[in-house]
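Below is one structure; the comments refer to it alone.
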Amino acid sequence: KGAKPCEDRFGRPERAFRFNGLDDVIRVPDSDKLDLGTNSAGEVTVSIWFKGDIQREGWLLGKATQSGSPYTDYGILASRFHEYRFHGFVWGTGLSAAVGGSDSTDWMAVKSDAGPDQWHHLLAVYGGSDSEVPGKKVYIDGKLVAEAGPGARKNKANGGPLGIGGVGSQGPNWKGEI
């Protein structure tokens, strides 16, 4: 079990990992240095290369104790947005609209047409209220695709690991390469 080494975007062997979408997760142990937490003044930038079908829901990366916005310090989730009729990503740093937050700031829904058979680069930026550049931004393949304010609600830091390819013990997990 576990994510399997595979070729990266340049064809170099064993420089990326393939995730099965079921139980393959790389966990980085909890550390205060990985926490964004309730400090709405904090800052974090996440950079991730991925290849896989974003129409199939799955966590690319998340600092969480389990799946779901109330348990996530921050994370990137490939998601189908049935209510909005599109697919893309969530750049989550707070609560989703379903539990009292906002799907445009706190649990930021981002439309994307990234294809499944090629590598893509996703850059997610969070700048809190004291940041030089407050707000949230998402870039895909070097293009700014979404931006918003930092959000009204920031979740607490948690003791969960930083998960790559999944979070917590529930899914959904990423199926593809990172």
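The values are calculated or read from the model by the stated rules, or taken from the named source; none is laboratory data. Everything quoted here is computed from the prediction, not taken from an experiment. Ideal geometry is used to build each Cβ from the backbone, glycine not excepted, and the neighbour counts take in all protein chains shown. Accessible surface is based on the protein model in full, side chains and every heavy atom, while ligands, DNA and RNA are left aside. Shrake-Rupley method; radii C 1.70, N 1.55, O 1.52, S 1.80 Å.
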Worksheet item: Among 89-96, 22-29, 118-125, what's the highest-first ranking by average C-beta atoms within 10 angstrom per residue?
Response: 89-96, 118-125, 22-29
Worksheet item: Mind checking the dipole of the chain: about its Cα centre, +1 per Lys or Arg Cβ, -1 per Asp or Glu Cβ, Debye to the nearest 20?
Response: 260 debye
Item to complete: Just grab the label-to-label distance for PHE10 and LYS143, each label 7 Å out from Cα along the Cβ direction, in nm (one decimal).
Response: 2.5 nm
Worksheet item: Taking square-rooted eigenvalues a ≥ b ≥ c of the alpha carbon gyration tensor, is the stretch 1-158 rounded, prolate or oblate, where a/c under 1.5 means rounded and, failing that, a/b exceeding b/c means prolate?
Response: prolate
Worksheet item: With respect to the cross-link table entries LYS4/LYS154; LYS4/LYS111; LYS111/LYS137; LYS111/LYS154, which display a Cα-Cα separation exceeding 24 Å?
Response: LYS4/LYS154; LYS4/LYS111
Discussion item. What number comes out for accessible area per residue over the stretch 49-178 if the probe is 1.4 Å? Units Å², please.
Written reply: 43 Å²
Item to complete: Would you work out what percent of the accessible area of the chain, with all protein chains in place, is carbon or sulfur (probe 1.4 Å)?
Response: 48 percent
Worksheet item: With each label point set 7 Å from Cα along the Cα-Cβ vector, what nm distance links ASP117 and VAL133?
Response: 3.5 nm
